[in-house]
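Values in this text are rule-based calculations from the coordinates and carry no lab data. Keep in mind that this is a model prediction, so the values were computed, not measured. Here Cβ is always computed from backbone atoms with ideal geometry, including for glycine, and neighbour counts include all displayed protein chains.
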Amino acid sequence: MSTVLVTGGNGYIGSHTVIELDKSGYDVVIADNLANSKMEVQNRLEKICGKRFRFYNVDCCDIDAMRKVFNENKIDSVIHFAGLKAVGESVRIPLDYYQNNIDSMITVARLMAEYNVRNLVFSSSATVYGMSEDVPFTEESPLGVCTNPYGWTKWMLEQILRDYAKANPDVRVCLLRYFNPVGAHESGLIGEDPRGIPNNLFPYISKVAGGTLECLTVFGDDYPTRDGTCIRDYIHVCDLAQGHVKAIDYLCRTDESVSVFNLGTGDGTTVKEAIAAFEKACGHEIKHVFGPRRAGDIAVSFAKTDKAEKILGFKAKYDINDMCSSCWKWQTMNPKGLED
Ligand code: WQD
């Protein structure tokens, strides 16, 4: 059985990916420092998958602690999710973001070389396209000027991994550029569980719908779009997780040194449309007001998805209504998120 090390596997996208890997017959090992997730996720994964995963509470920047993971498990592939990912926070503490996100990936790559682990899937982001207005974004779209340190760490790590692959011909790297992951597992047992006030739209809407936040502020309704609010390519987190399984499958069969894929639906949804879809899912109004634009936001972002469909055989199957209903189920079952 092929073993996949999932760093950051206790987090939102990581935990959903663990489920899909397990369903596809992969053996999974999780490494996570719990900086942005709670140990209760492991109990929920056991309920969903009917097994306890090997879990290491380690920081990916700690090479001695991480060497133990590689020593104790015969790892065939790595999916690297571990990293800080709050855009606003990255502007406030850029050195922490550059040090943590870049050091953790380099540490894992060094250990992969030491233990002859060839396959790496890297969690990148559509944010690397920067402020470009040339949508839909294809994998050949030029990388842009990122608007925050978080985005720059993804941009820089894509380059670091290209150089790493060039120097190590046996290595296979797959860069997955996520659009906007939202929603939750159908069980409602795991979902997006940000600490503090959510920065992102869906967790914020979800908490307003659940009554734990008072009112959503829509950041700008004067954009050049069909209803004046920003358009994004929201993708169900379970579709995104499936995309990672397809990427691991691909690395096991390809001789392509570095591959890049957008993971989106190819559809764009405005903020107003997202609010309406969530109101349909929860059955009541979502209180919201219109405020000024948020610095760094682009009007329109959505993916060209042909390449992932053609080469990975990946196509998102859930629509915005599925995303909203799964998010609402998670919210109602866990109104205060998971216990620490
Ligand atoms: C979506 C839309 C906001 C909150 C970010 C990261 C990206 C990726 C996904 C990691 C925008 C509007 C939001 C609110 C609002 N993360 N909004 N009121 O900015 O597209 O992408 O998350 O990879 O890297 O940049 O997502 O959910 O923050 O915003 O009106 O309270 O919702 O202006 O138009 P974004 P988002």
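Distant-in-sequence amide contacts of Val29, defined by a placed amide H-H separation under 5 Å and a gap of 5 or more residues or a different chain, comprise Val4, Leu5, Val6.
Order by neighbour count: Asp319, Asp27, fewest other Cβ atoms within 10 Å first, most last. It would help to have the intermediate numbers written out before the result.
Details: Asp319 14, Asp27 17.
Ranking Asp319, Asp27 by Cβ neighbours within 10 Å, fewest first, gives Asp319, Asp27.
With contacts taken as Cα pairs under 8 Å at a separation of at least 6 residues, the chain carries a relative contact order of 20 percent. Phi angles of segment 50-56 translate, via the Karplus equation with coefficients 6.51, -1.76, 1.60 and θ = phi - 60°, into HN-Hα couplings of x, 8, 9, 8, 5, 10, 10 Hz per residue; Gly and Pro are given as x.
Packing here is the average count of other Cβ atoms within 10 Å per residue, and on that basis the peptides 130-141, 104-115, 246-257, highest first, run 104-115, 246-257, 130-141. Proximity of backbone amide H atoms, modeled 1.01 Å from N, is registered between Ser259 and Val173, Cys174, Leu175 at under 5 Å, excluding neighbours fewer than 5 places apart on the same chain. Calculated mean residue ellipticity at 222 nm for the chain: -12000 deg cm²/dmol, from DSSP H runs with n ≥ 4 weighted as -39500 (n - 2.57), summed, divided by the residue count and rounded to 500. Among 147-157, 176-186, the peptide with the highest mean count of other Cβ atoms within 10 Å heads the list, and the full ranking is 176-186, 147-157. Farthest towards the positive end of the charge dipole of segment 177-307, among the residues Cys252, Leu213, Gly264, is the Cα of Leu213, using unit charges on the Cβ of Lys, Arg, Asp and Glu. Shown here: the chain, whose C-alpha atoms stretch 54, 43, 39 Å along the first, second and third principal axes, sorted largest to smallest. So which lysines pass the test for Lys154, namely a Cα distance under 22 Å, with those fewer than 8 places away in the same chain ruled out? Answer for Lys154, where 22 Å is the Cα cut-off: Lys85, Lys166, Lys246, Lys304, Lys307, listed by chain and number. Grouping the Cα pair distances of segment 103-202 into 5 Å bins from zero gives a pair-distance distribution of 3, 10, 18, 18, 16, 16, 13, 6, 1 percent in increasing distance order. The packing ranking, built from the mean of other Cβ atoms within 10 Å per residue, places the peptides 216-228, 262-274 in the order 262-274, 216-228, highest first. In summary, the lysines within cross-link reach of Lys287, defined as a Cα separation below 20 angstrom excluding same-chain residues under 8 places away, comprise Lys207, Lys272, Lys329, Lys336. Comparing Gln242, Gln42, Gln99 in a Gaussian network model of the chain, where Cα atoms under 10 Å apart are tied by springs, the biggest mean-square fluctuation is seen for Gln99.
With viscosity set to 1.306 mPa s and temperature to 10 °C, compute the Stokes-Einstein D of segment 1-141, Rh being the Kirkwood radius across alpha carbon pairs; µm²/s, no decimals.
On the way: Rh = 16.0 Å.
Answer from the Stokes-Einstein relation: 99 µm²/s.
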